[in-house]
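Working notes, structure below.
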Amino acid sequence: MKVLECNNLKKQVKNKIIVQDISFSVNKGDVVGLLGPNGAGKTTIIKLILGLIKISEGRVLINGYNIEKDFVKAIDKVGAIVESPDLYMYLSGYDNLKITANNYKNISKDRILEVARIVGLDNRIKDKVSTYSLGMRQRLGIAEAIINSPELLILDEPTNGLDIEGTIEMRNLIKSLSNQGIAILISSHNLTEIDNLCNRIIAIKSGKMVTDETIDEFKQISNESSYIFELNNVENVDKILQNYKFEIIDKNKIRIYISKEKVSELTKKFLTNNYQVYLVQEEQFTSEEAFIKKVGENKID
Amino acid sequence: MIKLVQNELIKIFKRRSIYFLLFLSIIAIIVYNNINPDQNPIDPLRNTQDIILIKDMEEKLKQKTGQEYIDYKVNLDSLKLYNSYQENSWQRWALNEERGTYVREGIEIKFNHNIERLLNNINDYELNPNTEITKEEYENSKIEYNKYIEALNTDNWKDFLNLKIKDLKEIKNTNDITNIDIGRINIDIEIYEMRLKYNINFDNNIQNEYLDRYKEHYYDVQTNENFPYSGFSQTFINKNLNEDRARMNLCKYAIENNLNTDISNELYIISNNEINARTSFIRTFEHFDLIIVIIAIYLSTTIITEEVNKKTIKNLLTKPHKRSTIIMSKLIACIITILVSMVFVIIVQYIVGGVIFGFDSYKLEYIGCNYNTGELIHMNLFEYVIIVGLSKLPMYIIIIAFCMLIGTLNNHTSMSMILTLIIFLIGYRILPEWSKVESLNVVARYFVTNNWDFSKYLFGQVSDTSGISLYSSIVVCLIHLSIFLYLTIHKFNRKEIYNNIS
């Protein structure tokens with residue numbers, strides 16, 4: 001079921017088009033990563049979704065409600081952090097949560113304490129936010145975002161400022177939330193994080209969608225699989241690999257484009273021809289490599 | 001909405017700045033009460049100093065002749081009589097009264113100058129060969145004069161008064177006397193009778209001043225009724241008339257009830273006043289209006305600009321509320337905070353005034369006057385101050401709405417506050433003066449600053465700007481408030497949150 005649906009979103013300011021032709025949806029349980037270089041339009045898209053800026057063309061539906069025409073109903077089950085957590089520094093963490101809770105119906109004190117515990121701030125929740133570290137403020141922002149048990153969670157750089165332990169906890173939290181059926185949209189520059197968290201990636205470049213794929217689809221640069229063979233040397237391998245597509249990586253490694261079924265046959269062939277085979281490994285592209293290949297180098301428009 | 005208001009109140013009352021402002025208010029109230037600017041300087045005319053020109057006058061008398069000689073001698077004899085008593089004695093205060101005159105058609109009228117009139121008869125008969133004073137009149141004058149002297153010399157002020165009353169009643173029966181004159185004689189008789197009834201000797205105390213002011217304001221009422229100054233609007237004239245009548249009623253009440261404290265409140269009757277806690281308390285909002293206004297301006301500009309500048313506005317705008325609801329909740333929170341500030345100022349003034357001047361004066365309730373009916377109004381002091389405060393609340397609400405509009409249009413906190421304060425000062429202090437000019441009045445009556453202070457309508461009062469009434473003020477204020485709120489909501493609805501928020 002679609003929780004978030006963006007149809008042909010466009011934002012234009014005077015003569016400059018910031019984003020256009022943005023269409024995607026986020027279903028229950030999805031964790032969708034929004035990727036793009038700086039200035040690509042990721043935050044703009046998030047702000048269009050949340051009604052913080054006016055939509056020039058297109059529409060946003062959240063749980064079937066139009067964000068422009070039915071803002072209150074649309075935003076009711078949304079939790080979000082945009083750019084950075086927006087906290088009242090002179091108030092305590094508890095007061096910040098209390099203020100957030102007051103925006104919704106039936107959020108009890110117990111729920112406030114529960115989210116504080118979930119994000120690991122229960123011992124410091126009564127302290128002023130001005131005394132918090134960056135990571136603690138990030139946690140508090142997350143707590144605010146989930147306090148109303150949202151059906152759609154929009155997170156901008158959720159692990160920003162967190163230490164390793166905090167990052168792991170955050171990932172676990174996001175995973176558990178998605179397991180509960182919450183639709184999550186994450187904007188991040190951390191591709192490893194996206195890799196670990198998301199099941200779908202939307203890549204944005206220069207205000208346009210480049211791709212909307214699952215993680216596996218995203219990382220598959222070509223339709224062919226490839227294997228890395230590490231040999232004692234790569235001299236004269238071309239004689240053995242006449243019928244194969246291959247690339248020499250270095251003096252010991254070659255990349256060979258073959259299917260899985262051909263691997264053992266080729267290994268035998270190397271051995272028969274007195275090559276020593278140290279390693280045979282299926283090649284997987286990292287998200288960074290896939291991103292660079294698909295989206296391009298970082299270029300600010 | 002209630003929870004949104006609650007949120008705004010949490011944000012306001014957890015800020016240190018609001019407590020800093022309230023602390024400054026305490027300082028301002030303490031300083032103001034200590035400086036005590038309402039304490040009037042001593043009226044230089046209220047004294048019984050020696051007349052030091054007697055010797056000069058005696059020399060000059062030698063050079064006078066004829067009627068001029070007689071008139072001068074009468075004056076000199078009066079002054080010698082005055083000087084023959086001690087400074088600050090009742091005799092001097094009583095004889096001081098004979099020096100005051102009023103002028104009708106260019107002629108000095110001296111109805112209560114009884115001793116002077118008697119001296120005139122005596123001197124005229126003795127010195128004027130063509131005198132019109134008969135022997136009988138002369139003899140009677142001498143007898144009457146001696147009675148006055150006896151009363152003065154035997155320290156019998158009541159006999160003195162009775163002589164005065166008798167003489168005045170005789171004057172009323174003379175032929176060449178107008179109704180206005182009769183009125184003035186009657187007021188003198190009334191005052192002398194009040195002295196006798198309430199045992200008020202001639203002296204320099206507050207009771208005597210009430211008597212003087214009672215008469216003075218009677219004269220003012222008469223003048224305004226019969227000879228209104230053509231340079232002012234009828235509204236202004238009527239307002240002054242009502243105030244003078246109110247002053248008269250208050251003076252009379254103070255005399256009848258033997259009050260030794262200044263009950264003139266906003267009418268400033270008594271010059272020889274001794275400021276006490278009660279007087280200061282009654283004038284709380286008159287003195288400390290500006291404190292509330294500054295708090296209102298600070299609150300209502302920062303309630304939007306700080307959210308924008310510190311980016312917490314994003315938090316607010318991604319919650320399930322209409323933007324108009326957000327604005328209204330901020331407005332309501334500001335109003336509640338202003339009400340709290342008003343209560344705070346009232347309590348602080350009560351305590352500070354009591355500590356500085358003593359709490360005893362608080363026993364006397366508020367005594368005022370209905371300007372329409374002339375009836376006196378009695379109420380608890382707190383009740384009065386709260387009523388005055390509430391009557392000023394529309395002004396504070398309009399200021400809040402205006403400041404929120406400025407804050408929405410302009411994201412700079414300091415600039416918004418300074419701009420609003422300047423506009424307020426111009427509107428509140430300068431425009432009312434311009435509004436008194438007839439040619440500007442047609443436009444001035446629609447200035448919100450001429451209409452927003454409803455305390456000027458309390459107890460039957462009217463505005464001193466012609467064309468403005470209670471009902472027109474309500475309409476003008478509602479229109480301005482609606483415009484400010486509409487523009488604020490309209491602009492806020494269109495606000496887009498970029499990195500540099502527009």
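The values are calculated or read from the model by the stated rules, or taken from the named source; none is laboratory data. It should be emphasised that the depicted structure is a prediction, and the values quoted were computed from it without experimental measurement. Counting neighbours? That spans all protein chains shown, and the Cβs are built from the backbone with ideal geometry, glycine included. Surface areas here come from the heavy atoms of the whole protein model, side chains and all, with no ligands, DNA or RNA. Shrake-Rupley method; radii C 1.70, N 1.55, O 1.52, S 1.80 Å.
Brief remarks on what is shown
- Loop chymotrypsin sites (Phe, Trp or Tyr not before Pro), the stretch B:210-291, which have at most 12 other Cβ atoms in a 10 Å radius of their Cβ (DSSP): B:Tyr229
- Taking the longest Cα principal axis of chain B as reference, the axis of helix B:135-153 is set at about 60 degrees.
- Considering only A:Leu113, A:Gly29, A:Val13, the residue lying farthest towards the positive end of the dipole of the stretch A:1-117 is A:Val13, judged by Cα position with unit charges set on Cβ.
- By accessible area, using a 1.4 Å probe on protein heavy atoms only, chain B has 57% of its surface on carbon and sulfur.
- Contact order, relative form, for the stretch A:227-282: 51 percent (alpha carbon pairs under 8 Å, 6 or more residues apart, mean separation divided by residue count).
- Of all accessible heavy-atom area on chain A, the percent that carbon and sulfur account for (1.4 Å): 44
- Part-to-part distance (alpha-carbon centres) for the stretch A:120-163 and the stretch B:360-392, which is given in Å: 55
- Distance between the stretch B:262-308 and the stretch B:325-355 - C-alpha centres, whole angstrom: 12
- Rough spin-label spacing in nm, given labels placed 7 Å along Cα→Cβ, for A:Ser149 and B:Glu170: 10.3
- Calculated FRET value between A:Arg59 and B:Tyr498, using beta carbons and R₀ = 22 Å, to 0.05: 0.60
- Given 10 as the ceiling on other Cβ atoms within 10 Å, longest exposed-site-free region of chain A for GluC sites (Glu not before Pro) in DSSP loops: A:1-223
- Projected label points at A:Glu165 and A:Asn274, each 7 Å from Cα along the beta carbon direction, are separated by 5.9 nanometres.
- For the protein assembly as shown, the 222 nm mean residue ellipticity estimated from helices alone, with every DSSP H stretch of n ≥ 4 adding -39500 (n - 2.57) and the total spread over all residues, rounds to -17000 deg cm²/dmol.
- Residue pairs exceeding 18 angstrom between C-alpha atoms, taken from B:Lys3/B:Lys319; A:Lys28/A:Lys77; A:Lys98/B:Lys11; A:Lys54/A:Lys205: A:Lys54/A:Lys205.
- A straight Cα-to-Cα reach below 30 Å connects B:Lys239 with the lysines B:Lys110, B:Lys215, B:Lys252, B:Lys392, B:Lys436, B:Lys456, residues fewer than 8 places away in its own chain not being considered.
- Between A:Thr267 and B:Thr325, the simple spin-label model (points 7 angstrom out along Cα→Cβ) gives 6.5 nm.
- Just so you know, the Cα atoms of chain A work out to an Rg and Dmax of 23.9, 75 Å.
- If you take the Cα centroid of the stretch A:23-74 and the Cα centroid of the stretch B:182-243, the two points sit 78 Å apart.
- Fully extended contour minus Cα-Cα distance, from A:Met89 to A:Asn179, at 0.36 nm per residue: 29.1 nm
- Those GluC sites (Glu not before Pro) in the stretch B:124-165 that DSSP places in a loop and that have at most 16 other beta carbons within 10 Å: B:Glu132
- Distance violations [Cα-Cα > 18 Å] among A:Lys14/B:Lys311; B:Lys80/B:Lys166; B:Lys55/B:Lys80; A:Lys73/B:Lys495; A:Lys126/B:Lys14: A:Lys14/B:Lys311; B:Lys80/B:Lys166; A:Lys73/B:Lys495
- Protein heavy-atom accessible area occluded, B/A pair - total, 1.4 Å probe, Å²: 2700
- What the Cβ-Cβ distance of B:Val355 and A:Lys109 gives, at R0 = 51 Å and to the nearest 0.05, is a FRET efficiency of 0.75.
- Summed over the residues of chain B and divided among them, the accessible surface reaches 48 Å² per residue at a probe radius of 1.4 Å.
- Loop-located GluC sites (Glu not before Pro) in the stretch B:57-88 whose Cβ has at most 12 other Cβ within 10 Å (DSSP): B:Glu87
- Estimated FRET transfer efficiency (B:Ile336, B:Leu487; beta-carbon r; R0 25 Å; 0.05): 0.65
- Between 0 and 90°, nearest 10: helix B:179-198 axis offset from chain B longest Cα axis: 90
- Contact order relative to length of chain A, as percent, for alpha carbon pairs under 8 angstrom and 6 or more apart: 21
- Principal axis dimensions, largest first and in whole angstrom, of the stretch B:268-310 by Cα: 55, 15, 10
- Potential lengthening between B:Lys80 and B:Asp50 on full extension [0.36 nm per residue; Cα-Cα distance subtracted]: 9.8 nm
- Semi-axis lengths, largest first, of the ellipsoid equivalent to the stretch B:412-455 are 24, 11, 8 Å, with √(5λ) applied to each eigenvalue of the Cα gyration tensor.
- Interface residues of the stretch A:95-119, defined as those losing at least 10 Å² of solvent-accessible heavy-atom surface relative to the isolated chain (probe radius 1.4 Å), are listed as A:Asp95, A:Lys98, A:Ile99, A:Thr100, A:Asn102, A:Asn103, A:Tyr104.
- If the chain linking A:Tyr244 and A:Lys28 were pulled fully straight, counting 0.36 nm for each residue of separation and taking away their Cα-Cα distance, it would gain 73.4 nm.
- On Cα atoms only, tilt of A:164-179 relative to the major axis of chain A in degrees: 80
- Ordering A:Ala101, A:Ile146, B:His113 by the projection of their Cα atoms onto the charge dipole of the protein assembly as shown, which places +1 on the Cβ of Lys and Arg and -1 on the Cβ of Asp and Glu, puts A:Ile146 at the extreme positive end.
- Rounded to 5, percent antiparallel among DSSP beta bridges of the protein assembly as shown: 70
- Gyration tensor (alpha-carbon) shape descriptor, the stretch A:227-282, a/c threshold 1.5: rounded
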